[in-house]
Structure formats: structure tokens, C-alpha cells
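Engineer: Have a look at this one before I ask anything.
The values are calculated or read from the model by the stated rules, or taken from the named source; none is laboratory data. What you are looking at is a predicted structure, and each value in this text was computed from that prediction instead of being measured. Cβ coordinates were reconstructed from backbone atoms using ideal geometry, including for glycine residues, and neighbour counts include every protein chain displayed. The accessibility values were calculated without ligands, DNA or RNA, using every heavy atom of the protein model including side chains. Shrake-Rupley method; radii C 1.70, N 1.55, O 1.52, S 1.80 Å.
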Amino acid sequence: MTANTAAETASQTATPRVIPIAVDTGTAYGRPAPTHRADLTEVGPGSPMGELLRRYWHPIGMVADATDTPRKVRVLGEDLILFRDQSGRPGLVYPHCAHRGTSLYYGKVEATGIRCCYHGWLFDVQGHCLDQPCEPGGGKARDKVRQPWYPVQELYGLIWAYMGPPERKPVLPRYECLDVLDEGELLEADDSSIGGGGPQIIPCNWLQHYENLVDPFHVVILHTQFSGTQFVDQMAVMPQVTWDTQEHSVRTISDRKLPDGKTLHRISEAGLPTLRVIPSPRLGRFGRVESLGWVLPIDDHSFRIYVVGRVREAGELRRMRTRMNGKLWEEMTEAEHQKYPNDVEAMVSQGVIARHSDEHLATSDRGIVMLRRLLLQQLDLVREGKDPQGVSFDPDAPPVHFTAGNFLVD
Amino acid sequence: MTANTAAETASQTATPRVIPIAVDTGTAYGRPAPTHRADLTEVGPGSPMGELLRRYWHPIGMVADATDTPRKVRVLGEDLILFRDQSGRPGLVYPHCAHRGTSLYYGKVEATGIRCCYHGWLFDVQGHCLDQPCEPGGGKARDKVRQPWYPVQELYGLIWAYMGPPERKPVLPRYECLDVLDEGELLEADDSSIGGGGPQIIPCNWLQHYENLVDPFHVVILHTQFSGTQFVDQMAVMPQVTWDTQEHSVRTISDRKLPDGKTLHRISEAGLPTLRVIPSPRLGRFGRVESLGWVLPIDDHSFRIYVVGRVREAGELRRMRTRMNGKLWEEMTEAEHQKYPNDVEAMVSQGVIARHSDEHLATSDRGIVMLRRLLLQQLDLVREGKDPQGVSFDPDAPPVHFTAGNFLVD
Amino acid sequence: MTANTAAETASQTATPRVIPIAVDTGTAYGRPAPTHRADLTEVGPGSPMGELLRRYWHPIGMVADATDTPRKVRVLGEDLILFRDQSGRPGLVYPHCAHRGTSLYYGKVEATGIRCCYHGWLFDVQGHCLDQPCEPGGGKARDKVRQPWYPVQELYGLIWAYMGPPERKPVLPRYECLDVLDEGELLEADDSSIGGGGPQIIPCNWLQHYENLVDPFHVVILHTQFSGTQFVDQMAVMPQVTWDTQEHSVRTISDRKLPDGKTLHRISEAGLPTLRVIPSPRLGRFGRVESLGWVLPIDDHSFRIYVVGRVREAGELRRMRTRMNGKLWEEMTEAEHQKYPNDVEAMVSQGVIARHSDEHLATSDRGIVMLRRLLLQQLDLVREGKDPQGVSFDPDAPPVHFTAGNFLVD
């Protein structure tokens, strides 16, 4: 490196003299500190979105996760312990023993509940204290003690929890696309965060992924032009897109003119509160949506995805995990992540929580605007003391039906 | 996994219709955020408990820890440097050189003190500045500079520091049970946190361990029923327990009816301010307590334990470290820690600082209530400008005597 | 270890009785919590020093760092992306895409700029939006969008950025000592933080290093008496030192009487705003200063150093990295770092930001006082709306000249 290259000299000579002719515009100097929409993103107890999300059932584990070995789970910013008593009942409890706070993670599971390791207090799956072995008579006042707990149910291979106000507990919903199986299909559940494009636990706010569901355009750029065709050639065609708001979802309708003159008519939905109703982008079979996913906010800064789908053989869901450059996400080097970004890179790099004040939304982001509006309406309902859309208290209600699917039109 | 198992269908059918018959009670929803007793737990400069603890001498290292290689120590939230000048005097000083703040950890120890590596200022063990080699005449104003320091003494194989107001400095106490040795006994010191049941530095507040000293019941549950008999069979018997408050301790008196008709009469004490006066739970020999331990708060979030005991051969103390499933704590897997919890798991999982607002104390926790009351009385004394119990200004006072021990009664 | 050693008994016996004769003075008890000079140290947007530093050009990378693989850089507390478009223009932009915030670290570099991986928005090196491929017509309103950017220039093998108010952008300075090469010399740039004595990124505030430049005395203590002669024997002689303040630097003039009767007359400078104008302490050649360094504050808690120098063969600068005990810094064990401290140990151990309230400056620190005064004057100028010293708006101004050098005087 020598002091004066020709290029440098030229560039210096080109500098305007004494008084600059033009002042730079649009530089990063002096821009305001970015902020995020706390109302839409933060999920802890007492926060507006946290209260809204607590009005719904959420999947918090696989059926097999509840065993006689207590398991730590974190949901909506709360640390909890999941277990299954020896009678087969799943339980989800506050981790710190009501007595003196030792974690029930170290507890022993018995026929009727979980026993704390420190002084042996025993709690059933609803937090009732059944024994206090160091107290006279096993604890004459033990009925006054309650270990905080949450109701859980098992369905579709998942364990579901309701963490909201007890008097607002809705019925656990069923879904038509999971209840009605075609010939040769079976149901499978998966907890590897299929659709997230990365690790099981994704280190950014859940809303960044949820909004991605109403964004069909990134498929053409991120999943095709940048990182190679991740799905199938047909998805690489730039679609004509419209959106509409349904009773409890925002639908994205994408039409792609295919080379053979046909049209790929694709409907996907972002359902309340966190549902992924996304037909397979691999277009294996046309017709109604094959799987549902639920985005679970672990806390404000991370989320994971549970999926249940109709498959033809066991393990089919897990094999759907994206490979980039032939590798699973965790097998890639940093250089490969940079060169072949996927959803997880696009979203996590928006920030742990995206900087909403810096956004410049355009016409292709209309779905995001509509989804935020739908969420804001639900926040209003809850604030007004009402129930949000998409909850039902009728155990006889028919299963929820979605119109999502991939359809071939002549 | 198929969509409709018989069990799931049954559980759905059992759900009450339209209007639920019963609303869940005692769930974790809406519980207040937990809080801790700051007055009893936090130890930094200026905090109530920090000021109380600073009225006593604390062991801050083994005699062998003070050498001509400066050593970092952390005590009551303060970072300090321990060294021994080449004349044999131990010193404990503020780490940042009074000149420009470089750490004396990088200092060179000389005959008369420690010299900073940056500009060579030399300080003796009382912080007097003896040399400023870059100043004219070695620093004509060097007498005006003082490196902050704390007085230390050596006793029982430990180095003791007094970190409180100088005018309140008590006499370093001596203890009868360490001063009077039986035939064949020798004194040994240990810094491996014997009694903590885990690593040398335990990552939770010191009070959680200190309170454990007046809790004889967890021996029967945690140390026997959960993790297998860690001590001896006799300790597995559920004791009859009473507590009393002495001048500067809370005593726990546990009586166990043994199979042979005799009674194991066991007295242990939690002494002011952080003393473990716990007779061996291994019951090797009956009679007066064999060792003393001091719980040293490193800061609000971690502590360690120094122990001095009368032994019959060197290394006896260290061999007392608990083994679970045949292994030392640091050799165990996470699954083993979960399956064989020890004191450290019980306490650390209470939280970095226990959630006192969530506690439900019972009759078996009377000792804890009494110990907190004793501590609160000391906080009051200090706040009123008085000296707390358990300090003495009389160098001729007899050694402190404890009544703790294991005794066999017919 | 036995209970009563002779020494301990003696020391106890020596304790004064009942009422202590003397109370300890100067202990660490009750000292106020230390504070730092925020105005002189903190560099984030909007802070006084941050605004002052933003009035100057700073080196933010090597010319070779700007490529078609986007690179993360952090400067003055701001995260930025450095790249070079396929036409050869370097660009420095805000990382989060103006559209929806995905990082341009995952962007694709093209002939005219960088394209975001998520929806393909394309920006040139001045942040103009050139394409929005998912919008109708490539984005009819794309001219209203600007990706925040900073102007950069290339000189002396480095990439320079101006991050201040656009209307105050000065001319990028040139330096006589780098523009005028002696016979056989060539110019070389280095980013290994030569002069820092440690790793490339040094985990403490930049001011601690900058102040070190006007401190010639530590050479005799730290670099000689403590860690062995790191430079040459002549530098071990205690110098006679004077300082003066120039138009935009503080000069240190050190005279050393050498054994041969000659005098080593050495002038070094700390230039505004972060310049190291330090003649080689290895005294290879006498005469004017051979290299310049720039201390780059990465943020309040870390900095790095870029150096450009006249050398006789490529790689000469890099070979100047200090070895202690024969090893490079990163090859040393913790014990070796403690035994052979270097600048980095002396400075980092002052604290992430030095505790200025604890300082005791002496006559040998006069240079530091003068340098702080020079900085405070610049803070005043900026606050008053004026330009600080050392910036020029005249592209025809002659290169900056320094008087620094090593000179042998009879």
C-alpha cells in the first residue's frame, strides 16, 4: 500500500473547494432512537398482548413431554414445570414450591402428584396440597395451601394449557383439517419449529414470525432468488396477491400464472391468536391445508412452533425441515448463514424485537397492516371486558374450518 | 399418533356444556409478582444487613491464600486484593490503585508492601503510600495518599477481615470448641464449602443456606427419602424438635427415638452473624460439636463456606464432602442432579434470592421465624447506633462456648 | 494446622486491652461509590463527547474490509454494515433495512448497491432506494425511502467515515509524515491495535488509552521494571519531562541522559481527536515520527487502534506487536498476564470506564490534566455551535505537520 494511488489523488482533487457545493442528505446522523410496538409484541403477565394471548389455549409441549421426570417449560414469560402423575394425569405448575420456594423440577412424581424434595410437600395436578410429612398429622392446615397451577388438556399429540382468567376459560378448539383424515392419512405432531427455518427456539419476538405468515412475497426473494429454490419452481413466480380479514384470521390469496397456462391459486391464513394455516409450499398434493402450526411465545425475546399435520407416513413432518445448501440450519457455518439466509436470519436480524418506528411499509405489506389491525381489535375487546374473536364456550361447536389450500385452476 | 384416541374423546365428552359448572380455583393466573426481604438478604455497603454483617469479623481466605502473588477476593459485594508482604504481613486492599485506578492484582509484592504496575506507587498493608518513583523525591506529598484497606488477622488457619466502621472494631473471637483439643486431635481448616452440598461458590443468597441450619426436617426428606441416606440411618428418624434463642444464636434441639430404645439428643446452632454450629450428621463420635463453619456472603447472589474443625488426621474435613450416587457434585450429570438433589439444588432453585412473598411457613419452620427475628433485632440495634449481639471488645473475654453436640441418652 | 501457633498467641497478646488505643484510619469502609467523567468518556449519539468525536473523520476499517461480503462494524456505539458495490464504491449503512428492518448483513451486493434478502429492496452507497421488486413497477414511491448511510473515503489504506452533522463535514485530513516518504520507504496500514499491548479489541473505554499517550513515565515502570525491557535500554532511563499544548495536540517532551553523555530528546503527541503521534520506542531510526495511530471508540466499553506507518518492508508494522516473556498477548496464560502486565492489563483493570472520582493525580500526570483541558475546550466549542480545533474545510490546506520524533542531542 503506497501513500498516493492514482485513484485517491483523483478523488481528492474532485472534492469541492472551500465551501462544499452539496451537503449530504439522508445520513444516519441524528436519527431518533428506534422503538417497538410494545402493545403488539410483549407477552408477560399483565401486558395487553399477554392478557389477550392468555384468553386462548396454547400448545406447551408434546404429549410425550409430560412424564414422571419433571420438565422445565417457559411460556409467555412464565417458568413452569410440566409432569405427569403416576395415574397418567398431566400437570403444569408454578416451579417454586408453595412452602419455601424450592423448584418442583427436583420433585418426585407419585401416583397422586408431585412431591417437593426439600420438605416433602405433595401437590396434585390442580395444586392441592395432599401431604406435609414434617408437619404434625401430615399438615392439619394443608388445605389452605395451593400450589399455583394451570389447566391442561391433551389433543392432537400436544399438551395444551390455558393460562388466563379461570372464568374466561374457553373450550379447547378442534380443527376440521385435523379431525377429518383422508384415506391413508395419519396425524403427526412435531416440536422442531418447522416453518421457522432455523433452530427449535428462535431468539426473537414471536410477532416477527407471525407477520411473516401474511407476507407471500418474501418467498420469491428470500426463498428463491437469495437462497436458491427452497420449495418448488412454481413458487418462484411472482404472485398476484389479495388479502381479506375473516372472522378470526387474515387470509392471503396468491395467484401465480404457471408456464403451462394454469393458475396456482393459494390461500393461506394467519389465525387468531398465533395460528399458522399455511398449505405446503412444496405443493406435494393440491387441495385443503395439510397442517396447522402454533407460534408459542416463550417470552418477549424468543418463540417456538408446534405443528400438527396429516401425513402418509410417520416422520414426514420432521423431514420437511428446510435444508440450505444441503444442510440443516445447525450444520451451517456463519459464512453459509450469511450467504444463504432463511426466515430465521431475516427475522432475528430485525432485532430481538423489530424496530417498528423505522419501518417503511409498502403496498406489498397490506397483509401485515390488516393483521395488526385484527390484533388491535382483539386488544380493544379484552380491554373492554369482552372475549376476543376465535374463542368458544360451546363444547358442541363444530370443528374450526379454514379455506386455506393450494388449488390448480385452469 | 392419530387424531382421536379413546381417552381424548372421553375427556372431551366429559367437558360441561355451554356454561361451565365449576370455575378453576387456585390457578397461577394473576398472582402478584414475587418479592424478597431485602433487609435480611442484601449485603452491599450501606444496606441494613450489609452494615450489620460489617460489625463482625469474617473469614475471607485460608492462611495460604495470602502470598506474594496478589489474589482477587470478593466479600459482601466488594472486590478486594489479598496479599502477603515479604515480611509476612497479610494485607487486604481496595483493588484500584489510589493513583489512577489500575488493579493491584498486577502489583508486585515487596518487603514492605505492594507496588502498582503502572507507575510504581508502593503501599503497605495499611494502605500507607511508601513510594512514588515517578514523582520528584519519590513523592513529597505521598503521605496524603492512602490506599483503602481493611484490617486482617490470622487465626485457626484462616484470614479474618473486619470491614466495618473502625471505631466499632471488635476483638476477633476465639471459640472453645476449637481452642480445646481432645487427645489425638488437630485443627484443620477447609474452604471447599463443606455443608453446602455442591460447588465451592454457591450461586444464591447466603440467607438461604443460613436458614437451612435451623431446619432439621429437611434431613429426613431431602437427605434421606429423596437422595438416599447421605449420612447415617439414625438421622433418617423423624425427630421431635424444639428451638430456643440464646444470646447470639438460635438453637435447634432434635430428639430421635432410635430402634435400640435410646434417644439421639442433637443440638445445633445458627450463630450470629453467619455461624454454622452443626455437629456431624455422620455421628462418628458423640459429644460436643467438632467443627464451626462461617457462611461468607460473596455478594447478594453467591456465598461460600469456610470450616474449621478438630480432626484426627489431616484431610479429614475435605473427605466429608457429600457424595450423591457415589459422585462428587461436580462429577454428576444434570439428570443426576435432578434425581439426587442436595442442599445446593434445594436452595439455588429457591431463586438467586428466595421469593419470600410466596412462602407458606408452617410449624416445622419455627426455627426460621426465630432466626429472622434474631437478625431483625440486630438490625434494630445497629440502626439505633448500638452494637449487635455477639461482638466483644474485651480481649480477655473467655472463648465463646456452644452447647451444640450429638448426645446419646438412655 | 494446630490451634495455637506461637505467632498467633503473640499477636493476640499484643492486642490492646478493653479500650483500643488507636482506631484504624484510612480503611475502605464508608468510601463513596466511585464515579466516572461521562462527558469525557461516553461516545454514543447525542452525548457531548459523542457529538465532538462525530465532527472528525475516523478510520473504521482497512481498504480490504470493504468487499461484496457485507461486514459488521461497530463505531461510536453504532452498529453499521460496510460493503463495496461491484463498481468499487465503498458503502457504510445502517444495518436494518429501511423496509422492515432485516439486516443488510444478509444482503447481496450488486453493481449499484446492496439488496436486502427479505424483500429485495436495493440501496446504493448513499442509501438511495433503487428497486423494490415486490412492489408494482419496482416501487413507484421508492424515492421517498432512504437507507441511513454515512459518507466514507479511502486514504492511506484505510476506510474513513464521517458520522457527524452533514453541514459540518470537514475535509479528510492528510498528514505530512505519511505523504512524504523517504528513500526506500513504503506506506503500510495495520488493524491489530499496535500500541494497545493486547488483543485487537480492547475491553475498556478509549480515553484510558488516549491518556496513556501523554504519560511517558509508565514506560519506565510498566514496560521496564515490571515486565522486563520491552523496548530498548535507553527507554529505561527516567526522563525529564515537559508538556505543552499545541493547536490541536498535547505534546510530551522527554529528555533522557544516556550513558554515552548524549541526550535522547523525544517528542510525542496526543492529537485531536484520537491521534497517536508516538515515535517508535524501539528507536530503530532517529528523526521524525514514523507512524500515526487512531484510537477508535467502538462504544463506551471497548476500542481498537488503526495504524499507518512508513516502513521499509511489508509486514513491518505487524511485527512490532509486543511480546511479553517471548509470547504474544493471546498466547499468554492468566498467570503470565498477572506477572508480565502490559498496557492492556494496566488500563482494562482501571475498570471498563476508569473511576475518575478515586484518582489522585500528581505532578507526573500534568499531561493528562492538559489533555483533558484540551478536550473540555472542544466540548465547549461544539456546545457553542462552533467547530472544534483540528478540523479543516479547505481542501487545499497543506498536510498536517507534527513535530514528534526521536532525536539524539549532544
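Engineer: Quick one: is A:Asp233 within 22 Å of A:Met324 (Cβ to Cβ), among the charged types (D, E, K, R) and in contact (Cβ under 8 Å) with a residue 60 or more places away in the chain?
Structural biologist: When the stated conditions are applied, A:Asp233 does not pass them.
Engineer: Let me ask something else. Among the residues of the range A:198-218, count how many are within 11 Å of chain C (Cβ to nearest Cβ) and either open to solvent by 20 Å² or more (accessible area, probe 1.4 Å) or part of a loop (DSSP other than H, G, I, E, B) (or both).
Structural biologist: 4
Engineer: Let me ask something else about it. May I ask you to list the residues in the range A:377-391 that are in contact (Cβ under 8 Å) with a residue 60 or more places away in the chain and either of a type outside the set (A, V, I, L, M, F, W, C) or at positive phi (or both)?
Structural biologist: If the condition is that a residue be in contact (Cβ under 8 Å) with a residue 60 or more places away in the chain and either of a type outside the set (A, V, I, L, M, F, W, C) or at positive phi (or both), then A:Gln378, A:Arg383, A:Asp387, A:Pro388, A:Gln389, A:Gly390 are the ones that fit.
Engineer: Right, next: Against the definition (of a type in the set (A, V, I, L, M, F, W, C), farther than 24 Å from A:Leu272 by Cα, more than 10 Å from chain B (Cβ to nearest Cβ) and open to solvent by less than 40 Å² (accessible area, probe 1.4 Å)), how does A:Ile221 come out, yes or no?
Structural biologist: Criteria met by A:Ile221.
Engineer: Here is a further query. Can you name the helices (runs of 4 or more DSSP H) wholly within the range C:304-410 that have at least 3 residues being open to solvent by 60 Å² or more (accessible area, probe 1.4 Å)?
Structural biologist: Of the helices (runs of 4 or more DSSP H) lying wholly inside the range C:304-410, those with at least 3 residues that are open to solvent by 60 Å² or more (accessible area, probe 1.4 Å) span C:334-339, C:366-383.
Engineer: Answer yes or no: is there a residue in the range A:290-298 that is among the acidic types (Asp, Glu), open to solvent by less than 30 Å² (accessible area, probe 1.4 Å) and more than 21 Å from A:Leu53 (Cα to Cα).
Structural biologist: yes
Engineer: Taking the criterion of being touching a Gly at 6+ places or on another chain (Cβ under 8 Å) and open to solvent by 20 Å² or more (accessible area, probe 1.4 Å), would at least one residue in the range A:250-261 satisfy it?
Structural biologist: The answer is no, given that none of the residues of the range A:250-261 is touching a Gly at 6+ places or on another chain (Cβ under 8 Å) and open to solvent by 20 Å² or more (accessible area, probe 1.4 Å).
Engineer: So, in the range C:336-368, how many residues would count as being facing chain B (nearest Cβ under 7 Å) and closer than 24 Å to C:Pro199 by Cβ?
Structural biologist: 9
Engineer: While we're looking at this one, here's another question. Determine, yes or no, whether C:Asp24 is of a type in the set (Asp, Glu), within 30 Å of B:Val145 (Cβ to Cβ) and either surrounded by 13 or more Cβ atoms within 10 Å (Cβ to Cβ) or at pLDDT 95 or above (or both).
Structural biologist: yes
Engineer: Need pairs with beta-carbon distance below 8 Å; first residue farther than 11 Å from C:Arg285 by Cβ and within 13 Å of chain A (Cβ to nearest Cβ) and within the range C:394-408, second surrounded by 12 or more Cβ atoms within 10 Å (Cβ to Cβ) and basic (Lys, Arg); sequence gap 6+ or separate chains.
Structural biologist: That search, which allows pairs on different chains as well, returns C:Pro399/C:Arg174.
Engineer: I need the full set of residues from the range B:49-98 which are in contact with a helix residue (DSSP H, G or I) (Cβ under 9 Å, 6 or more places away or on another chain), without any contact (Cβ under 8 Å) to a residue 24 or more places away in the chain and small (Gly, Ala, Ser), in order please.
Structural biologist: Within the range B:49-98, B:Gly88 is the sole residue that qualifies.
Engineer: What residue, among those in the range B:316-352 that are among the small types (Gly, Ala, Ser) and free of Cβ contacts under 8 Å to residues at least 60 places away in the same chain, is nearest to B:Phe231 (Cα to Cα)?
Structural biologist: Taking the candidates together, the pick is B:Gly326.
Engineer: Taking the range B:195-225 as the search range and keeping residues that are modelled with pLDDT under 95 and more than 19 Å from B:Glu336 (Cβ to Cβ), which one is farthest from the chain's Cα centre (by Cα)?
Structural biologist: Filtering the range B:195-225 for residues that are modelled with pLDDT under 95 and more than 19 Å from B:Glu336 (Cβ to Cβ), the one farthest from the chain's Cα centre (by Cα) comes out as B:Val220.
Engineer: Report, by residue number, each residue of the range A:182-197 that is of a type in the set (Gly, Ala, Ser) and either touching an Asp or Glu at 6+ places or on another chain (Cβ under 9 Å) or more than 10 Å from every other protein chain (Cβ to nearest Cβ) (or both).
Structural biologist: A:Gly184, A:Ser192, A:Ser193, A:Gly195, A:Gly196, A:Gly197, listed by residue number.
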